[in-house]
Amino acid sequence: RDLAGEAQSWVDRGIITEEQGQEILGLYGATLPTGKERSIGYYVLLSLSALMVGLAIILIVSANWDNIPRGVRMFGLIATTATANLIGLRMFKTGDRGGAAVAFFLGSILYGASIMLIAQIYHLGEHFPDGVYWWALGVLPIAVLAESYVCIALFTLLAFIWAASEAS
């Protein structure tokens, strides 16, 4: 990345042509920067912010849970989960895989929250590991199809939580 930045500065200053810069970088398996490259730190921060947004949404909803009508709760949970995943799908189709991974991660967190909260709304099941199982099962296809490492990590964590809960 440093060599690519240097080569770009040489092209900008007129020391070499763009073709020469590409040839030099080709020797090292690199290309001139297009301005669309982002570091891994950028995506780590985006993933952490998606986690915080997801947790904030869960906190706001849970603080006002009893004041929200049952139908509105249900629609809100499904709509926010679907919206996050649709944004991720749109970003994935446009080629922004890093941004899509962050949106899918937020959608996966909201999916898990929706499972738990819908179970609470309708008083479904008393066996906690079942909710974690369905959460992990729902995250798996997104993680695999989108090749999202953060969603794969979430799936792995959920699988361990489910296994530990079932074992105990």
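Express in Å², to the nearest 10, the accessible area of TRP10 obtained by rolling a 1.4 Å probe over the protein heavy atoms while all chains stay in place.
Here the residue's solvent-accessible area equals roughly 70 Å².
On the protein heavy atoms, probe 1.4 angstrom, tell me the percent of accessible surface of the range 1-98 carried by carbon and sulfur. Kindly include the intermediate steps, with their values, before the conclusion.
Numbers: 4510 of 7100 Å².
Heavy-atom surface of the range 1-98 belonging to carbon and sulfur, 1.4 Å probe: 64 percent.
Let me make sure I get this right: for the range 93-168, a, b and c are the square roots of the gyration tensor eigenvalues over alpha carbons, sorted descending. Under 1.5 in a/c it's rounded, otherwise prolate if a/b > b/c, else oblate. Which is it? Walk me through the intermediate numbers first.
Numbers: a/c = 3.43, a/b = 1.72, b/c = 1.99.
Cα axes put the range 93-168 in the oblate bin.
Can you give the relative contact order of the chain as a percent, counting alpha carbon pairs under 8 Å and 6+ residues apart?
On the way: 145 pairs, mean separation 27.8, N = 168.
After rounding, I find 17 percent.
Given a 1.4 angstrom probe, what's the average accessible area per residue across the chain, in square angstrom? Display every interim value, and only then the final one.
Values: 10830 Å² over 168 residues.
That works out to 64 Å² for each residue.
What's the carbon and sulfur percent of the range 104-143's accessible surface, probe 1.4 angstrom, rounded to a whole number?
On the way: 1390 of 1940 Å².
Carbon with sulfur: 72 percent of the solvent-accessible area.
Given a cut-off of 27 Å, what percent of all Cα-Cα pairs of the chain lie beyond it? Walk me through the numbers before you get to the answer.
On the way: 5973 of 14028 pairs.
I get 43 percent for the Cα pairs in the chain exceeding 27 Å.
At a probe radius of 1.4 Å, what is the per-residue accessible area of VAL102, in Å² to the nearest 10?
Accessible area of VAL102: about 20 Å².
Among SER108, LEU154, ALA4, which residue has its Cα positioned farthest towards the positive end of the charge dipole of the chain, with +1 placed on the Cβ of Lys and Arg, -1 on the Cβ of Asp and Glu, and the dipole taken about the Cα centre?
Checking the options against the dipole of the chain, the answer is SER108.
At 30 angstrom or more along the helix axis (alpha-carbon based) and mean Kyte-Doolittle of 1.0 or higher, what helices does the chain contain? Whole DSSP H runs only. Could you put the intermediate results ahead of the total?
On the way: long enough: 40-63 (34 Å, 2.29); 70-93 (35 Å, 0.63); 97-121 (35 Å, 1.50).
Span-like helices here: 40-63, 97-121.
The values are calculated or read from the model by the stated rules, or taken from the named source; none is laboratory data. Everything quoted here is computed from the prediction, not taken from an experiment. Positions of Cβ are backbone-derived with ideal geometry, glycine not excepted, and every protein chain shown enters the neighbour counts. The accessibility values were calculated without ligands, DNA or RNA, using every heavy atom of the protein model including side chains. Shrake-Rupley method; radii C 1.70, N 1.55, O 1.52, S 1.80 Å.
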